[in-house]
Amino acid sequence: MLRHISKLATCCAVVAGMLGFAGASSAQEVKSATLDAIKKRGQLVCGVDTGIPGFAFQDAAGAWQGLDIAYCQALAVAVLSDATKVKYVGTTSKVRFSVLQSGEIDVLIRDSTHTLTRNTELGLAYGGLNFFTGEAFMVKKALNVAHAKELNGATICVLTGTTLELNIADFGRANNIKINTLLFEKPEEAFAAAEAGRCDGYTDDGGSVAAARSAMKNPKDWIILPELISREFLVPTRARATSAGPCW
């Protein structure tokens, strides 16, 4: 019963967020070009992460699982009345927005922070907030640090094409420390590098850091530091409406 209630709540939240904000973007009473395309195709193409446990990942059988996957399925139910009518496209942080803008996916549902720059310069529009967190650090216990301010000189694995690097630079300047970064395109690559000792830890939004710790061979060898060095408003994203008609 709880599972069904949770799915219903997720569906309501996503549909209200994704469809509600779109209605405000245009007063024209025309059908959405994106919705028309989805209905004609009979399938929602949903951009997700390449592999974050708990959010979007493929299980041993190859089936997609996680919170973001449930959001994709909720939209498919709202538009096509069938949660299985979804094609999942794994997108990296570096290319996620270009893939969305090109029309390769209908909507992007993954750990993407709502920023003014992305809204104005990239022409993105956002649905309702689906996860609120902040940038966190996971480090090896053997590093013997208890707080982020003690990471001076440490090297941290980071995903490229994100706001994470800027947050680290701002945090370093504010605290007169230097945190080095090692960049990766995919989370699983960063996890493996941290595991292999190429960096002292991993940083991402709080939920993804918790997922990273669970993915380690020996999770007890890693700790998540208590500080959040930013505020991250993670939201579903779509390309903004054009003269061809409003999206959603």
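The values are calculated or read from the model by the stated rules, or taken from the named source; none is laboratory data. None of these values were measured; they are calculated from a predicted model. Positions of Cβ are backbone-derived with ideal geometry, glycine not excepted, and every protein chain shown enters the neighbour counts. With ligands, DNA and RNA removed, areas are computed over all heavy atoms of the protein, side chains included. Shrake-Rupley method; radii C 1.70, N 1.55, O 1.52, S 1.80 Å.
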Query raised in the report: Can we say Thr91 is open to solvent by 40 Å² or more (accessible area, probe 1.4 Å), at pLDDT 85 or above and either farther than 23 Å from Phe184 by Cβ or hydroxyl-bearing (Ser, Thr, Tyr) (or both)?
Result: no
Query - Neighbours by Cβ (under 6 Å, 6+ apart or cross-chain): first from the stretch 181-200, free of Cβ contacts under 8 Å to residues at least 24 places away in the same chain; second surrounded by 22 or more Cβ atoms within 10 Å (Cβ to Cβ) - result: none
Requested in this report: With the checklist (1) of a type in the set (D, E, K, R); (2) touching a residue at least 40 places away in the same chain (Cβ under 8 Å); (3) open to solvent by 40 Å² or more (accessible area, probe 1.4 Å); (4) not in a loop (DSSP other than H, G, I, E, B) in hand, flag the one item Asp68 doesn't pass.
Outcome: (3)
Query - Pair list, Cβ under 9 Å, 6 or more apart: the stretch 137-159 residue in contact (Cβ under 8 Å) with a residue 60 or more places away in the chain, other residue of a type in the set (Ser, Thr, Tyr) and surrounded by fewer than 23 Cβ atoms within 10 Å (Cβ to Cβ) - result: Leu159/Thr92
Report task. Return a yes/no flag: does the stretch 149-160 have any residue that is acidic (Asp, Glu) and open to solvent by 70 Å² or more (accessible area, probe 1.4 Å). Result -> yes
Report task. Those residues that are farther than 17 Å from Thr34 by Cα and within 19 Å of the chain's Cα centre (by Cα), I need them from the stretch 63-88; list them, please. Result -> Ala63, Trp64, Gln65, Gly66, Leu67, Asp68, Ile69, Ala70, Tyr71
Query raised in the report: Taking the stretch 199-230 on its own, how many of its residues are in contact with a Ser or Thr (Cβ under 8 Å, 6 or more places away or on another chain) and open to solvent by 40 Å² or more (accessible area, probe 1.4 Å)?
Result: 2
**Report entry** Residues that are open to solvent by less than 30 Å² (accessible area, probe 1.4 Å) and either part of a helix (DSSP H, G or I) or under 22 Å from Val48 (Cα atoms) (or both), drawn from the stretch 172-196
**Finding:** Gly172, Phe184, Pro187, Ala190, Phe191, Ala193, Ala194
**Report entry** Check on Asp82, among the charged types (D, E, K, R), buried (at least 21 other Cβ atoms within 10 Å of the Cβ) and at pLDDT 50 or above
**Finding:** no
Query raised in the report: Taking interchain pairs and intrachain pairs at least six residues apart, which have beta carbon atoms under 6 angstrom, with the first residue in the stretch 77-101 and among the basic types (Lys, Arg) and the second open to solvent by 50 Å² or more (accessible area, probe 1.4 Å)?
Result: Lys85/Gln43; Lys87/Gln43; Lys94/Glu185
